[in-house]
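The numbers here are math on the coordinates, done by the rules we state, and not lab data. Here the structure is a predicted model, which is why all the values come from computation and not from measurement. Counting neighbours? That spans all protein chains shown, and the Cβs are built from the backbone with ideal geometry, glycine included.
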Amino acid sequence: MSEEILDATLLSLLACPQDKGPLLLVRDDNGSSLLYNPRLHRAYPIDGGIPVLLVDEARDVSDEEHTSFIAQG
């Protein structure tokens, strides 16, 4: 499990590369940090503390995960 933490200032500057909207910092069921776009139901990985904001690297999120991520945000 990784313990990546993004600075609040950095998080406020990051945007989804697809719709240019804000992202939520959430944890998945494995405890990994992700940046989540609730509008598109897409999650972007954080690799070694570095956000990977590439559309091709994002994954679709199930309705169950969406509900969990919104509760965290």
Dipole moment magnitude, nearest 20 debye, the chain about Cα centre, only Lys, Arg, Asp, Glu C-beta charged: 300
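Can you tell me the length gained on complete extension of the stretch residue 41 to residue 24, counting 0.36 nm per residue apart and subtracting the Cα distance?
Numbers: separation 17, 0.36 × 17 = 6.12 nm, distance 1.12 nm.
That works out to 5.0 nm of additional length.
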Where labels lie 7 Å past Cα in the beta-carbon direction, separation of residue 54 and residue 32 in nm: 1.5
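With a cut-off of 8 Å between alpha carbons and a minimum separation of six or more residues, what is the relative contact order of the stretch 8-72 in percent?
24 percent.
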